[in-house]
């Protein structure tokens with residue numbers, strides 16, 4: 001094992017993938033010399049050169065369409081969109097072109113590209129640099145969406161995403177970049193669509209992903225002192241999501257809570273709740289609950305942003321309501 005920060009684990013996955021496959025290239029704003037806004041690609045320009053680590057103009061529309069064209073031409077681009085909020089400029093390239101290419105060409109062509117993008121608040125970046133928009137892309141047939149919660153998963157999921165023949169949106173929570181964790185030194189991939197049970201419990205199933213996993217684990221510690229033991233499932237992959245693992249846990253606990261940093265309305269939690277109320281109806285001893293952000297833009301002021309974000313305390317409160 002090696003101890004790496006979340007950002008370092010992503011950097012290692014990129015470096016290894018580029019070494020293993022010379023068709024893998026990086027694109028994005030200031031990713032070369034500067035290493036990107038969070039320093040994730042630092043050092044890769046010196047290792048692989050300007051042909052494979054390319055700074056792009058400040059135009060998400062241009063770079064995303066260029067990445068789709070490159071992928072259709074035999075290259076495997078890994079595109080970095082500086083903030084997930086700016087994915088709005090890449091919607092046509094991803095939703096209408098990348099996601100539809102395999103279908104439109106009768107399976108004769110695919111778009112093997114990855115779009116890395118950070119989401120989430122906690123750094124007072126305001127309403128235009130803090131949004132969690134993963135549900136948008138999970139709604140589009142042809143796109144895969146993953147969101148790791150720790151360095152090992154960030155490494156393994158990114159390796160799998162780069163190797164995937166179809167487009168993958170790789171979401172990175174900004175609050176995790178400095179997080180340290182052990183990563184096996186032997187190269188590995190984590191299959192897209194496979195969740196992880198990160199804490200066993202028998203009273204309530206808590207399903208979450210990304211930056212909310214650590215808050216769910218904090219809530220688990222708080223609840224354990226009261227004699228309440230929650231099972232925490234890290235989805236890791238949002239589209240496809242691991243329905244079987246969630247259902248198996250629900251069959252054990254008979255109570256379900258879904259937590260995510262994105263706004264509650266029309267979110268990932270709504271899809272999971274709807275599906276589990278169908279296939280898992282006979283297992284439910286209480287209504288399914290969600291903990292998520294309110295339906296307002298992300299506040300800029302640190303105090304307001306803290307109140308806005310779902311927290312461990314809010315998970316504990318929701319579990320109390322479920323248990324009663």
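Restricting attention to region 179-193, the residues being in contact (Cβ under 8 Å) with a residue 24 or more places away in the chain, surrounded by fewer than 21 Cβ atoms within 10 Å (Cβ to Cβ) and more than 20 Å from residue 80 (Cβ to Cβ) number 10.
Check 135, 101 and return the single one that is in contact (Cβ under 8 Å) with a residue 24 or more places away in the chain, within 21 Å of residue 27 (Cα to Cα) and crowded, with 18+ Cβ neighbours inside 10 Å. Explain how you work it out, then say what you get.
Numbers: 135 fails: within 21 Å of residue 27 (Cα to Cα).
None of the other options fit; the residue is 101.
For residue 233, the stated conditions hold: it is under 30 Å from residue 99 (Cβ atoms), without any contact (Cβ under 8 Å) to a residue 40 or more places away in the chain and under 17 Å from the mean Cα position of the chain (by Cα). The set of residues in region 138-178 that are free of Cβ contacts under 8 Å to residues at least 60 places away in the same chain, part of a helix (DSSP H, G or I) and under 30 Å from residue 304 (Cα atoms) contains only 175. In this structure, is residue 60 within 26 Å of residue 173 (Cβ to Cβ), in contact with a strand residue (DSSP E or B) (Cβ under 6 Å, 6 or more places away or on another chain) and surrounded by 19 or more Cβ atoms within 10 Å (Cβ to Cβ)? No, not satisfied.
Do you know which of the residues in region 31-51 that are more than 22 Å from the chain's Cα centre (by Cα) and within 23 Å of residue 84 (Cα to Cα) is surrounded by the most Cβ atoms within 10 Å (Cβ to Cβ)?
Kept after step one, since they are more than 22 Å from the chain's Cα centre (by Cα), are these residues of region 31-51: 32-34, 43-51.
Pick out the ones that are also within 23 Å of residue 84 (Cα to Cα) and you get 32-34, 44.
Details: 32: 23, 33: 12, 34: 13, 44: 20.
Per the criteria, the residue is 32.
Of the helices (runs of 4 or more DSSP H) contained entirely in region 3-75, those carrying at least 3 residues that are under 24 Å from residue 93 (Cβ atoms) and touching a residue at least 60 places away in the same chain (Cβ under 8 Å) fall at 6-20.
Values in this text are rule-based calculations from the coordinates and carry no lab data. Since the model is a prediction, treat every value here as computed from it, not as a measurement. Glycine also receives a Cβ, built like all others from the backbone with ideal geometry; neighbour counts cover every protein chain displayed.
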